């Protein structure tokens, strides 16, 4: 261990396969052709939004396992999470798949916290195949955290759009030719007093900057060492703030800096500051970033997923928004 | 970085609320809704047996019905994003608040879902609306009693 919360994986577990499923609106995404499955219906033809959330995750896990010529009965662990109360969609997915399961909640940073947990289980030799992932479904999340979906309130330009997407990654012991998990940084909760749930990017930016600085300083690496440093869902406002914050710490952001939230829906102004949601980072990390690593475009990447740890209750009680960011470093050896 | 410093940085970075544009779009949207309401009102007065005073009830019902359809077809939120207060303040905004909550909670059934959540957003409008009407009526009654004003 090189520092508090900093992890080095000596066995470098690999991500051998991924599965990403998305809703119909996500056809607008520039990453669209890299997603494995698209549903024509926001509810996947099911009765409730929450069932759709579970179905997407279920399919994403099966797609990832299929790519390994495997199936749920052969997976050792299921480490997934979502944003609905008590994570019932993930619980139903786990029930359907029948894989030993731990539900994880790090809000929109679950894609990385699950990946870290899967890597740890693999590192200690207790897992041959662990599924890590996160999902969010626009309607089920909006109705819980904000107003009813059809309510005509004006949103400011800092607001973000929760994506309908699920991403799953199958983590196995080291295999040549696949992205391997080398290092990770467990986030520290940051709270700089932001209270506006329609400007979550601003709330999450300090957490992202903190984890970024801890990771680079702790592991003595430089920005130039990475082909891509990608945050999860800071959105346009948060991404700008994050870059300003790290510049104050003496790091100069360059072209390798990307944000899944900014890029998810392209330049479409309908989505205001960009995308958000647990599915946002997992969908982009496990499609675009994974694909680019497999194709050899990226050799070493740093993924920092951010999560706003608020609830509708804490917001109504005028509490601030505590935020977290977890980081994972992947490389092709 | 402390909270105050960050709050300053956040204010500098976050896009400013375009107040002037919002005021203009709210005026156009609210004005258009009221203009439509005026036509509906005239329609009831011309073709049915309504006076200017009595035509308000069917007019309100008609506007709410239109808002309900627009909400159901997913269009009212687009008007809301453009018009802001212009589409929230007229009676159509009230209709939208009720109907959007009703649609949303349909999956929990008619009683626990639609019934108990329909007024989730509009409930406070009703409560404070009725209460302020009561206070205003009380003041007016007192003033009339003392002969300051008349009904």
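Return yes when residue A:180 is under 24 Å from residue A:29 (Cβ atoms) and more than 14 Å from chain B (Cβ to nearest Cβ) and no when it is not. Spelling it out, it is not the case that residue A:180 is under 24 Å from residue A:29 (Cβ atoms) and more than 14 Å from chain B (Cβ to nearest Cβ).
Looking at region A:230-243, is at least one residue in contact with a strand residue (DSSP E or B) (Cβ under 8 Å, 6 or more places away or on another chain) and on the phi > 0 side of the Ramachandran plot? Yes, region A:230-243 contains at least one residue that is in contact with a strand residue (DSSP E or B) (Cβ under 8 Å, 6 or more places away or on another chain) and on the phi > 0 side of the Ramachandran plot.
The test for being closer than 22 Å to residue B:60 by Cβ and without any contact (Cβ under 8 Å) to a residue 12 or more places away in the chain holds for residue B:133.
Answer yes or no as to whether residue B:129 is within 11 Å of chain A (Cβ to nearest Cβ), assigned to a helix (DSSP H, G or I) and closer than 30 Å to residue B:28 by Cα. Spelling it out, it is not the case that residue B:129 is within 11 Å of chain A (Cβ to nearest Cβ), assigned to a helix (DSSP H, G or I) and closer than 30 Å to residue B:28 by Cα.
Identify the residue in region A:43-58 that is away from chain B (no Cβ under 11 Å) and outside any helix (DSSP H, G or I) and, among all such residues, is farthest from the chain's Cα centre (by Cα). Among those residues, the one meeting the criterion is A:45.
To keep it simple, each residue is scored yes or no on (1) in contact with a strand residue (DSSP E or B) (Cβ under 8 Å, 6 or more places away or on another chain); (2) closer than 18 Å to residue A:290 by Cβ.
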| residue | (1), (2) |
| --- | --- |
| A:25 | no, no |
| A:32 | yes, yes |
| A:60 | yes, yes |
| A:65 | yes, yes |
| A:78 | yes, no |
| A:84 | no, no |
| A:96 | no, no |
| A:110 | yes, yes |
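Out of (1) under 30 Å from residue A:236 (Cα atoms); (2) free of Cβ contacts under 8 Å to residues at least 60 places away in the same chain; (3) within 14 Å of another protein chain (Cβ to nearest Cβ); (4) assigned to a helix (DSSP H, G or I), what's the single condition that is false for residue B:20? Result: residue B:20 passes all but (3). Of everything in region A:184-203 that is away from chain B (no Cβ under 14 Å) and crowded, with 22+ Cβ neighbours inside 10 Å, the residue that is nearest to residue A:292 (Cα to Cα) is A:184. Can we say residue A:295 is on the phi < 0 side of the Ramachandran plot and in contact (Cβ under 8 Å) with a residue 24 or more places away in the chain? Judged against the criteria, residue A:295 is not a match.
From the list A:226, A:242, pick out the single residue that is in contact (Cβ under 8 Å) with a residue 12 or more places away in the chain, away from every other protein chain (no Cβ under 14 Å) and either surrounded by 21 or more Cβ atoms within 10 Å (Cβ to Cβ) or more than 18 Å from the chain's Cα centre (by Cα) (or both). After applying the criteria, what remains is A:226.
Go through (1) within 14 Å of chain B (Cβ to nearest Cβ); (2) surrounded by fewer than 24 Cβ atoms within 10 Å (Cβ to Cβ); (3) in contact with a helix residue (DSSP H, G or I) (Cβ under 8 Å, 6 or more places away or on another chain) for residue A:156 and report which single condition fails. Looking at each condition in turn, residue A:156 falls short on (3). Does residue B:9 qualify as being in a helix (DSSP H, G or I), at the interface with chain A (Cβ under 9 Å from one of its Cβ atoms) and either touching a strand residue (DSSP E or B) at 6+ places or on another chain (Cβ under 7 Å) or free of Cβ contacts under 8 Å to residues at least 12 places away in the same chain (or both)? Judged against the criteria, residue B:9 is a match. Being within 7 Å of chain A (Cβ to nearest Cβ) and closer than 11 Å to residue B:119 by Cβ is the filter here; which residues of region B:87-97 pass it? B:97 - this is the single residue of region B:87-97 that is within 7 Å of chain A (Cβ to nearest Cβ) and closer than 11 Å to residue B:119 by Cβ. Take the conditions on the phi < 0 side of the Ramachandran plot, out of contact with any strand residue (DSSP E or B) (no Cβ under 9 Å at 6 or more places or on another chain) and within 14 Å of another protein chain (Cβ to nearest Cβ) and apply them to residue B:84. Does it pass? No; evaluated as a whole, the condition is false for this residue.
For (1) more than 10 Å from chain A (Cβ to nearest Cβ); (2) in contact (Cβ under 8 Å) with a residue 60 or more places away in the chain; (3) out of contact with any helix residue (DSSP H, G or I) (no Cβ under 7 Å at 6 or more places or on another chain); (4) farther than 27 Å from residue A:161 by Cα, each residue gets a yes or a no:
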site: B:38; (1), (2), (3), (4): yes, no, yes, yes
site: B:47; (1), (2), (3), (4): yes, no, yes, yes
site: B:52; (1), (2), (3), (4): yes, no, no, yes
site: B:68; (1), (2), (3), (4): yes, no, no, no
site: B:74; (1), (2), (3), (4): no, no, yes, no
site: B:80; (1), (2), (3), (4): no, no, no, no
site: B:99; (1), (2), (3), (4): no, no, no, no
site: B:116; (1), (2), (3), (4): yes, no, yes, yes
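Where a number appears in this text, it was derived from the coordinates with a stated rule and is not lab data. Not measured: the values here are computed from a predicted model. Every residue, glycine among them, receives a Cβ derived from its backbone with ideal geometry; neighbour counts consider all protein chains shown.
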